[in-house]
Structure formats: C-alpha cells, structure tokens
Amino acid sequence: MINRVRRLRKERLMTLEALAERSGVTKSYLSKVERGQSVPSIAVCASLAKALEVPLDSLFADADELSEVTVTRAAERRALTSPDEPGTRYEGMALGAGAKGMTPFMLYPPLDDGPAAFRDHPGEEFVFVHAGRVELVLPSRAITLDPGDCAYFKATTPHRLRSLGTTRATVLLLVSSDYDAPDGAWPPHSRLP
C-alpha cells in the first residue's frame with residue numbers, strides 16, 4: 001500500500017501537504033505511511049481514498065492483479081498489518097477484484113479496549129463475527145456480538161471493536177464507500193478497482 005498512496009498522489013499532481021489537508025491526516029503521519037513506517041487504519045485509508053478520489057481497495061491492489069472474478073483462499077489473504085500489531089489486525093481479501101462497491105477484510109480486534117480511539121469514516125460497514133466474541137463500542141452504547149451475529153451501520157458513527165475473552169475474535173468486515181462519482185461511475189483508471 002505504501003507505494004500506491006504515493007503513486008496515486010503523484011498521478012494527481014498533489015503535494016504531500018495537499019493530500020494531508022484534503023484527507024484530514026497530518027503531513028507527518030502521511031509521510032510515515034508513504035515511507036512504510038506506519039500502517040493506517042481502515043478509517044484513515046477511507047479518508048485517503050476519498051481525498052484521492054479512488055475506491056478504497058485501490059490502495060491495496062496493484063492494477064496488474066485485477067480480474068473479473070477473484071477467489072481468495074484462506075491461506076492467501078494478504079496481511080495489511082504486522083502480526084505483532086497490538087491493535088486491530090487486518091487481512092485483505094478480494095484485492096484483485098475489479099470495480100466493486102464494498103471492500104472485504106478479515107479483522108482481528110484487539111483484546112484490550114484500552115485507550116483506542118473511536119474511528120469514523122464515510123460509507124457503511126457490515127461486521128460478521130466468524131469466531132469468538134466481540135464488542136462493538138459506539139459513543140452511546142456497547143453491543144456484544146457472538147459467532148454468527150452481525151451488525152450493519154453508517155461508518156460516520158464513531159465506532160471501535162474489541163475482542164472479548166482470551167483470544168482475538170475473527171470478524172468479516174465489509175466497508176462500502178460513499179464516493180460520489182458522476183452518473184454512479186467509478187473514476188476512469190485503466191485497471192484500478
């Protein structure tokens with residue numbers, strides 16, 4: 001993802017300062033993302049994608065990898081965060097798919113609620129608990145979700161997830177974008193999703 005953010009920014013003739021301002025991300029943090037020194041959350045990625053006027057998954061997939069039908073085997077999911085990440089861990093799925101209105105991830109929420117900040121971003125989220133138990137924390141309440149349970153909500157609602165119990169839960173996360181393209185079309189990129 002590191003070079004993709006930089007490449008997309010440069011394709012649009014944007015300075016680091018301009019992208020930082022448009023996305024609401026500090027210039028220093030954005031610089032760390034572009035140099036591979038920091039892995040942004042899905043909320044930050046959504047802000048960057050919106051500022052760059054591209055679908056969210058274009059930050060994760062190379063144009064040469066895209067296809068009409070994409071199968072991602074469990075062993076082939078791409079880690080988007082380090083296995084040592086104390087916070088939420090993400091794995092990308094269907095990254096090679098063509099244009100799509102939602103981006104799927106496997107999510108492994110942290111065990112400790114700690115001082116984790118609420119996240120919010122444009123679009124909507126669908127959370128399905130595959131294994132373990134999670135707590136979806138909103139400013140107004142906390143909702144416990146067991147295996148097989150799901151939640152759907154506007155991602156503009158501040159939210160965070162944490163695993164309950166002694167091991168990280170496994171959650172399917174679908175993030176939709178609210179990118180407003182003319183006539184519902186995605187931006188014209190030769191092979192970007």
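The values are calculated or read from the model by the stated rules, or taken from the named source; none is laboratory data. This one's a predicted model, so the numbers in the text were calculated from it and none came from an experiment. Cβ sites come from the backbone with ideal geometry, for glycine too, and all protein chains shown count toward neighbours. Note: accessible area is taken over every heavy atom of the protein model, side chains too, but ligands, DNA and RNA are not part of it. Shrake-Rupley method; radii C 1.70, N 1.55, O 1.52, S 1.80 Å.
Cβ-Cβ distance below 7 Å, separation of 6 or more or different chains: which pairs start in the stretch 76-90 with a residue that is more than 18 Å from LEU161 (Cα to Cα) and end on one that is of a type in the set (A, V, I, L, M, F, W, C) and open to solvent by less than 60 Å² (accessible area, probe 1.4 Å)?
Between residues of the stretch 76-90 that are more than 18 Å from LEU161 (Cα to Cα) and residues that are of a type in the set (A, V, I, L, M, F, W, C) and open to solvent by less than 60 Å² (accessible area, probe 1.4 Å), the close pairs are ARG77/MET93; ARG77/MET106; ARG78/LEU95.
Identify the residue in the stretch 13-69 that is open to solvent by less than 50 Å² (accessible area, probe 1.4 Å), modelled with pLDDT of 80 or more and among the hydroxyl-bearing types (Ser, Thr, Tyr) and, among all such residues, is nearest to TYR90 (Cα to Cα).
SER38
May I ask you to say which residue of PRO122, PRO109, PRO139 is farther than 18 Å from THR81 by Cβ and buried (at least 18 other Cβ atoms within 10 Å of the Cβ)?
PRO122 is the lone residue from the list that is farther than 18 Å from THR81 by Cβ and buried (at least 18 other Cβ atoms within 10 Å of the Cβ).
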